[in-house]
Structure formats: structure tokens, C-alpha cells
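The values are calculated or read from the model by the stated rules, or taken from the named source; none is laboratory data. Everything numeric here is computed off the predicted structure, so don't read it as measured data. Quick reminder, even Gly has a Cβ in these numbers, built from the backbone with ideal geometry, and neighbours come from all protein chains shown.
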């Protein structure tokens, strides 16, 4: 069980830090209010494509336009095109505000005992009845991409709706982060083909020593993952979508691989 925490202050205790260090993950309830979540989701859905594919780095204007330019119709008036681009800038601002959320940054810095910086963001809709509703991430480690040697890479998942086995929740292999990076099979992990599983997949032989734990979440919950923790997700064949915003952080001054698609870069959180 994850220890109780002070939901009013959202200041984690030493027991939470110990739990995170031992298990490689931590769930913090109701980090962001429903009003903020609903406003964000309403806005970013307007720039999602018809398949509700993942949006890489919606905090950056050029990334958002590059992934939603097919929504701009030739018969649109100039005014409507400009309005769409201005809306993209609005989404950028909202994403950055969530990445820099005081509570989230404070929690991460307490877990790391270091100053952290942002690196990237990704919106995963897992929209019900969409092309990507069947997307199920294979067991993988987030740090298999930036390859930080010091275990300083950390990922957050902010849930915009309740999440469970029916609509594609996340599962973890507690304590797997202690063994560093495992050998994995490289797979496309961005807008992969329908029916395929993204994630640089960990071989089964490495997972036999760990227990698989399915996690449930409520709207507004935050999941913090150590970059080396093996985890994955289930498909969504329900009538309920499972949108979440995934953001990546690292200790200030640490090395990382930028990546061809992700193009990770240091984002000051002050």
C-alpha cells in the first residue's frame, strides 16, 4: 500500500520518498483540480487528429502545428487559419503551466533531492472507439530513450479521467528500477501502426523476478515513475477514454539523449 499523504498541502513525507526509492513509483491523489483538467482537455482535443493519435511536445508551438497541420483546410478563411494557430499557442501555454505546476515540481525535487528541469511532454488520449484505443504499451523503461546513466530521469503521468483495467490503465513491476537498464527490443513508439504495441520491449526473462501490479487512478491523480522502472499499459475497449499528459524531467546538469522525434531539451521550471 502507498502511505497516506496530506492532500491539502500535497507536501510528501519521508515515508513517500522511501516508498518511491524502494518501489520506483508513487501515486499522489488530486494534484490538479477538475476545472483545470477539463479546461486543458477541451482545448487540446481541438488540435487532435481524427485518430486521436499521441501528440509529442504539445508545449512547443512548432511541434503542435507540425502534428495538427492536416486539420487546417484549404477553404478556411485567413482569419480562421490565424485563429487556429493562436489556439495552438494557447495550448502551448497551458501545457507549460502544467509542466511547471508548483506542486508537481516540489514533489519531484523532494523525491530527487535535486533541482529538476523539464525535458519533454506527450499527450496520450487513448480515446474510446478511436484508431489508437487498442494501443497497449509493452513492458518498457522510459530511460531506454534518453539513456541517463545516473538514474536521474523521471516521468510523470497526470490523469484527466479515471483509469482502470477496462479503459487501459498502467501496470508496473515494482523494484525493477534497481537493476538499471535491461536489454530490450527496439520498437516504434510514436504513432506506430494500428494494432502494434509501442515501447522498447523488455524481454520476458528479465521480468520473471518481479511482480506485475495493475494500478487504478482517479481524475487528477499523478503517477511518478523512476526512469528505469519497467511498466506498460492495457488497451481500451471500453466506452470511456483514458487521457493523460506524460511529462519527463531530469536532475539539473545531467546528460541525456535528445532523440530524433522527442528532441528533448532543458526546460526551465522557474
**Asked** Here are some residues: 167, 200. Which one is at pLDDT 75 or above, within 30 Å of residue 37 (Cβ to Cβ) and touching a strand residue (DSSP E or B) at 6+ places or on another chain (Cβ under 8 Å)?
**Response** 200
**Fill in**
Taking region 90-124 and keeping only residues that are in contact with a helix residue (DSSP H, G or I) (Cβ under 6 Å, 6 or more places away or on another chain) and on the phi > 0 side of the Ramachandran plot, one is left with none
**Message:** Within region 248-264, take every residue that is at negative phi and more than 16 Å from the chain's Cα centre (by Cα) and give me the one that is surrounded by the fewest Cβ atoms within 10 Å (Cβ to Cβ).
**Reply:** 260
**Asked** Give me the pairs: first residue in region 88-105 and under 13 Å from residue 121 (Cα atoms), second residue in a helix (DSSP H, G or I), beta-carbon distance under 7 Å, and six or more apart or on different chains, which are they?
**Response** 91/43; 91/44; 91/64; 92/61; 92/64; 94/40; 94/43; 98/40
**Message:** Given (1) in contact with a strand residue (DSSP E or B) (Cβ under 8 Å, 6 or more places away or on another chain); (2) surrounded by 19 or more Cβ atoms within 10 Å (Cβ to Cβ); (3) modelled with pLDDT of 95 or more, identify the lone condition not met by residue 176.
**Reply:** (1)
**Fill in**
Considering residues that are touching a helix residue (DSSP H, G or I) at 6+ places or on another chain (Cβ under 8 Å) and closer than 18 Å to residue 121 by Cα, the number found within region 54-86 is 10
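Here are 147, 212, 126: which of them is in contact with a strand residue (DSSP E or B) (Cβ under 9 Å, 6 or more places away or on another chain) and closer than 20 Å to residue 240 by Cβ?
After ruling out the rest, the residue left standing is 126.
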**Test for residue 143: is it under 30 Å from residue 14 (Cα atoms) and surrounded by 22 or more Cβ atoms within 10 Å (Cβ to Cβ)** = yes
